[in-house]
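S.K.: First the structure, which I've put down as structure tokens, then a few questions once you've had a look.
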Amino acid sequence: MESSNRSQRIKHVSWGRLEVEGEAEPYKDAKLFPGGSREWNWRETQTSHRPGIQIADVQELLDHGANVVVLSRGMAECLHVPRETLAFLKERQITVHVLPTKEAAALYNKLAETEPVAGLFHTTC
């Protein structure tokens, strides 16, 4: 994997805060993908806790070359993942992991050592 397309590591995660290597400011909610990261603005895709993470949210991750996706459900697992989103990833043979945020961050960092991994991270409820 080229270093420019490497997935950035998560340095710290706590309530309302995700610190990512190479980024000056922490994120509240973030999209991380091979080669970069950005704020995850739910308004862009009309994402809400229910029904949850939209296909449009994960499509951007695939556009950046991810073949493994980690979806965080929030600290108290209030963010849902609809069956349609999981089916969309399965159809594309993308491995997906759905976990509470702290566990999701730990798995993402482990996968980032060897895989072009991407993730959606919700740092509150």
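S.K.: List the aspartates and glutamates whose Cα sits under 15 Å from the Cα of K31, skipping any in the same chain fewer than 8 residues away.
M.R.: Straight-distance partners of K31: E19, E21, E23, E39, E44, D57, E60, D63.
S.K.: Among C78, T47, G36, which residue has its Cα furthest toward the positive end of the charge dipole of the range 31-101, with +1 on Lys/Arg Cβ and -1 on Asp/Glu Cβ?
M.R.: Projecting each Cα onto the dipole axis, the largest value belongs to C78.
S.K.: While we're on this one: Counting DSSP beta bridges with both partners in the chain, what percentage is antiparallel, nearest 5? Intermediate results must be reported in sequence, preceding the final value.
M.R.: Working: 15 of 24 bridges.
Around 60 percent of the beta bridges assigned by DSSP in the chain are antiparallel ones.
S.K.: FRET efficiency for T95 and E19, Cβ-Cβ distance as r, R0 = 35 Å, nearest 0.05?
M.R.: Between T95 and E19 the formula returns 0.85.
S.K.: Could you work out, for the range 3-122, what percent of all Cα-Cα pairs fall into each 5 Å distance bin, beginning at 0 Å and stopping at the bin that holds the largest distance?
M.R.: 2, 12, 25, 27, 22, 9, 2, 0
S.K.: Between R6 and K110, what length comes free when the chain is fully extended (0.36 nm per residue of separation minus the Cα-Cα distance, one decimal in nm)?
M.R.: Net length gain for the segment: 36.2 nm.
S.K.: Which of W15, W42 has the fewest other C-beta atoms within 10 Å, and how do the rest follow up to the most?
M.R.: Fewest-to-most ranking of W15, W42: W15, W42.
S.K.: Can you find, among H122, A56, L111, the residue sitting farthest towards the positive end of the charge dipole of the chain, where Lys and Arg contribute +1 and Asp and Glu -1 at Cβ?
M.R.: It is H122, whose Cα lies furthest towards the positive end.
S.K.: Mean residue ellipticity at 222 nm from the helices of the chain, using -39,500 (n - 2.57) per DSSP H segment of n ≥ 4 over the full residue count, to the nearest 500 deg cm²/dmol?
M.R.: Calculated from helices alone, the mean residue ellipticity at 222 nm is -7000 deg cm²/dmol.
Read-outs: derived from the displayed coordinates by stated rules, not from any lab. Every value quoted in this text rests on a predicted model; they were computed, and no experiment measured them. When we count neighbours, we look across all protein chains shown, and the Cβ atoms used for this are built from the backbone with ideal geometry, even at glycine.
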